[in-house]
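For reference, the structure discussed in these notes is given below.
The values are calculated or read from the model by the stated rules, or taken from the named source; none is laboratory data. None of the values given here were measured: they were computed from a predicted structure. When we count neighbours, we look across all protein chains shown, and the Cβ atoms used for this are built from the backbone with ideal geometry, even at glycine. Each accessible area value is taken on the protein alone, full model and side chains, heavy atoms only, with ligands, DNA and RNA left out. Shrake-Rupley method; radii C 1.70, N 1.55, O 1.52, S 1.80 Å.
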Amino acid sequence: MKILTIPRAVGALTINSFAYIGGLASLAGQSAYVTFVGPFRGQRLRPQRALHQAMAVGVEAIPIVSLITFFVGLIMALQSAYELRRLGAMQYVAGAVAVSILRELGPLLTAIVVIGRSGSAFAAEIGTKKVTEEVDALRTMAFDPVAFLVAPKFLAMLVMVPCLTVWADFMGIVGGSVFGVVGAGFTIGSYFQATLDSIVARDIYTGLIKSALFGLVITAVGCKEGFSTGAGAEEVGRSTTSAVVTSIALVIVVDLVFTALFYFINPT
């Protein structure tokens, strides 16, 4: 009997995982419908709420994103130079930093910062409204909770996460240029010229596509965990923690899937 419990547990976990992903897809689909189709069918978009969310998600996150990506760019330059110096190829430091930041570290670090700041806030906000029965009050007043609570967040994240990623990419390259100038014999002009020579358009748009998908995942998970909050203040904390952990895990999975997809579609 104990042997049978393992397949049952694996099966239950698989079913629950697919059900959870289906719930995320449904919530994202409803938000996309309200955002892009609803205004043409008489539904109100509430741009003021979206603007407020955009300020909280994007503008207020600029200092911490700048700090983290600047130092990560500097660290990447140091680590790259450690190996490239042994090969006599210090001139490739700028390219190594630029490609790693644009394709991977910029979007991923931005997503993790946004998860900690905004994904958790989404879950806590909606979870609190669920506990205090404000979500039920919205339904009673014929307001769609998805349109009122989720769609503005969806629109703000879809716009601001790629914008934050662009800024994070820039700050990461600037961080790498500090070491390039101080320790690798570059000038400011030659470092940025080497950066431009080493990247192609594909390096930029792959990172931006992934960042938009990360924003979608973070919004869907944060809001779904908020709507799933049980009764009591303790459940709000559980939902917030679950939103952060689940968002990071799914962002990593999405990152892996799309990195592999971009590689196999166009490996050159």
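Here are a few things to note about the model shown:
- Heavy-atom accessible surface of T140, to the nearest 10 Å², is about 120 Å², with a 1.4 Å probe and all protein chains retained.
- Distance (nanometres) between label positions extended 7 Å along Cα→Cβ at S190 and L13: 5.4 nm
- Annotation: D136 carries an accessible surface of approximately 70 Å², with a 1.4 Å probe and no ligand, DNA or RNA atoms counted.
- For the chain, the relative contact order works out to 30 percent when only alpha carbon pairs closer than 8 Å and six or more residues apart are counted.
- DSSP-loop GluC sites (Glu not before Pro) across region 116-194, with at most 15 other Cβ within 10 angstrom: E133
- Across the options I15, M141, S66, the greatest Cα extent toward the positive end of the charge dipole of the chain (unit charges at beta carbon of Lys, Arg, Asp, Glu) belongs to I15.
- FRET efficiency estimate (nearest 0.05) - Cβ-Cβ, L45 to T259, R0 45 angstrom: 0.85
- When the helices of the chain are scored as -39500 (n - 2.57) per DSSP H run of n ≥ 4 and the total is divided over every residue, the value at 222 nm lands at -26500 deg cm²/dmol.
- Pair-distance distribution P(r) for region 171-268, from all Cα-Cα distances in 10 Å bins starting at 0: 13, 27, 24, 21, 11, 4, 0 percent.
- Projecting label points 7 angstrom from Cα along Cα→Cβ for V245 and Q91 puts them 5.1 nm apart.
- Of interest is the spacing of the C-alpha centroids, which for region 185-247 and region 1-80 amounts to 8 Å.
- Region 148-268: relative contact order in percent, alpha carbon pairs under 8 Å with at least 6 residues between: 29 percent
- Accessible heavy-atom area order of L67, L84, highest first, probe of 1.4 Å: L67, L84
- Solvent-accessible area assigned to carbon and sulfur over the chain amounts to 72 percent, based on a 1.4 Å probe.
- Per residue accessible area in Å² of the chain, where ligands, DNA and RNA are left out and the probe is 1.4 Å: 51 Å²
- Rounded tilt (10° steps) of 233-265 against the dominant C-alpha axis of the chain: 50 degrees
- Within the same chain, aspartates and glutamates fewer than 8 places from K129 are excluded, and of the rest, those with a Cα less than 17 Å from its Cα are D144, E225, E234, E235.
- Each 10 Å bin from zero holds the following percent of Cα-Cα pairs in region 44-139: 14, 30, 24, 16, 10, 5, 1.
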